[in-house]
Amino acid sequence: MKVTVFTPTYNRAYILERLYNSLKRQSIYDFEWLVIDDGSTDSTSQLLEKWKKENLPFDIVYYKKDNGGKCRAINLGLQYARGELFLVVDSDDYLSEDAIEKITAWSNTIKEKEQFCGFAGNWSYGGREAENPLFDVQYKDCTFLDRYPRKENGFFFIGHDRAWIFYTEVHRKYLYPVFPDEKFMTEAVVWNRMAKDGLKIRCFNDVIYYCEHQEDGLTNTSRSNFLSNPKGYGLWLSERSKILKESYRQRLRMYYSFTCDLEGKTCKDIAMFINTSYLLILLCRFIHKVLNKMK
């Protein structure tokens, strides 16, 4: 089997059928649809069980688990995935009719697979044109660090998000770290680790992924998710800073901003979350208080 289309879902019965219909319209069917239900309390399970009984040209594999967040769901999905390639499609998004066909063709362009973690297509929001910068060549070989705009010779910003297609066996080596008392972590934690290890991602211009963020989705609630999951938030910031080799000034700004974000936490906890010294966080908090008084 070529592709595992993986969907983590939570209470999305009202919109999941749009993705399902886009899978039924695919031009080729060398894929499975693996759905991890992250503790839904709506009719998601009934929908999936009904669809599994339909005469489909692809397999539907469905598991339900206790609510634990998207990254836990991805870790579990990687255990069950049977495809050579692993594509995460969120429950409020859908694919172009030729998505699987293009993914199959793109995979054949990579000969030195050991140098890559995968490849990517473009995506569109609300049916518009491609959201990311377009290349003047068929594709560009990049790393996930090219998601962060930088002033460097030869740097080309590939956009913050794309339709990322991973080699399943590679992604299994990069599972998401889990904190028992938190449910959210940005997927960039794993992507950055892949880039740190030198793995490339081949990016194509063609749009295969259509996105329409919902009010209850992770994108629209990202800031609150970061703030209510400070361990994962701090891990991402500290690792990103090291991987990007940020200057001391840039790191100080990061520590100050993080301290301001977590105003209700103790300096000791904040220092632990972002893996820096207590005294530095204490200084950031002091500066923040002084600036507030000056206002």
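Express the relative contact order of the range 97-171 as a whole percentage, based on alpha carbon pairs under 8 Å and six or more residues apart in sequence. Could the numbers behind the result be given before it?
Values: 57 pairs, mean separation 27.6, N = 75.
RCO, the range 97-171: 37 percent.
Can you compute the FRET efficiency between GLU239 and GLU129 using 1/(1 + (r/R0)^6), with r the Cβ-Cβ distance and R0 = 35 Å? Round to the nearest 0.05.
Numbers: r = 33 Å, r/R0 = 0.95.
Efficiency for this residue pair is about 0.55.
For the chain, modelled as a Gaussian network with Cα springs under 10 Å, which listed residue fluctuates most, ASN75, ASN21, ASN122?
ASN21
So, taking all protein chains as they sit and a 1.4 Å probe, how much accessible area belongs to TRP164, in Å² rounded to tens?
20 Å²
Shape call for the range 110-155 from the C-alpha gyration tensor, a ≥ b ≥ c root eigenvalues: rounded (a/c under 1.5), prolate (a/b greater than b/c) or oblate?
Because a/c hits 1.5 or more and a/b fails to exceed b/c, the range 110-155 counts as oblate.
Please compute the length gained on full extension between SER277 and GLU101, using 0.36 nm multiplied by the number of residues separating them and subtracting their Cα-Cα distance. Working shown, then result.
Details: separation 176, 0.36 × 176 = 63.36 nm, distance 5.08 nm.
Length gained between SER277 and GLU101: 58.3 nm.
When all alpha-carbon pairs of the range 1-77 are counted, what percent fall beyond 21 Å?
Looking at the range 1-77, the distances longer than 21 Å represent 23 percent of pairs.
Tell me, how many Å apart are the Cα centres for the range 133-152 and for the range 21-43?
Centre-to-centre distance over Cα atoms comes out at 30 Å.
Residue separation times 0.36 nm, minus the C-alpha to C-alpha distance between ARG82 and VAL290: what's the value? Write down the numbers at each step before the final one.
Details: separation 208, 0.36 × 208 = 74.88 nm, distance 5.64 nm.
Contour length minus the Cα-Cα distance gives 69.2 nm.
Give the relative contact order (percent, whole number) for the range 151-281; include only Cα pairs under 8 Å separated by 6+ residues.
Working: 84 pairs, mean separation 30.3, N = 131.
So the answer I get is 23 percent.
How big, in percent, is the set of alpha carbon pairs in the chain lying more than 33 Å apart?
Working: 12026 of 43365 pairs.
When every Cα pair of the chain is considered, 28 percent fall beyond 33 Å.
Using a 1.4 Å probe, how large is the accessible area of MET272, given in Å² and rounded to the nearest 10?
120 Å²
Just to be sure I understand: with springs between alpha-carbon atoms less than 10 Å apart, which residue in PRO133, PRO180, PRO149 has the highest mean-square fluctuation in the Gaussian network model of the chain?
Greatest mean-square fluctuation among the candidates belongs to PRO180.
Please work out the FRET efficiency for the pair ASN67 and ASP141, using the Cβ-Cβ distance as r and a Förster radius of 35 Å; give the result to the nearest 0.05.
Values: r = 38 Å, r/R0 = 1.09.
Plugging the Cβ-Cβ distance into 1/(1 + (r/R0)^6) gives 0.40.
Going Cα to Cα from LYS65, which lysines come in below 28 Å? Please leave out same-chain ones fewer than 8 positions away.
Hits, sequence-local ones excluded: LYS2, LYS24, LYS50, LYS52, LYS53, LYS173, LYS183, LYS231.
Give the relative contact order (percent, whole number) for the chain; include only Cα pairs under 8 Å separated by 6+ residues. The partial results should precede the final answer.
On the way: 496 pairs, mean separation 54.7, N = 295.
Rounded, it is 19 percent for the chain.
For LYS293, which lysines qualify as cross-link partners when the Cα separation must be under 27 Å and same-chain residues fewer than eight apart are set aside?
Within reach: LYS265, LYS268.
The values are calculated or read from the model by the stated rules, or taken from the named source; none is laboratory data. Quick caveat: nothing in here was measured; it's all calculated off a predicted structure. No Cβ is skipped: glycine too gets one built from the backbone with ideal geometry, and neighbour counts run over all protein chains shown. Accessible surface is based on the protein model in full, side chains and every heavy atom, while ligands, DNA and RNA are left aside. Shrake-Rupley method; radii C 1.70, N 1.55, O 1.52, S 1.80 Å.
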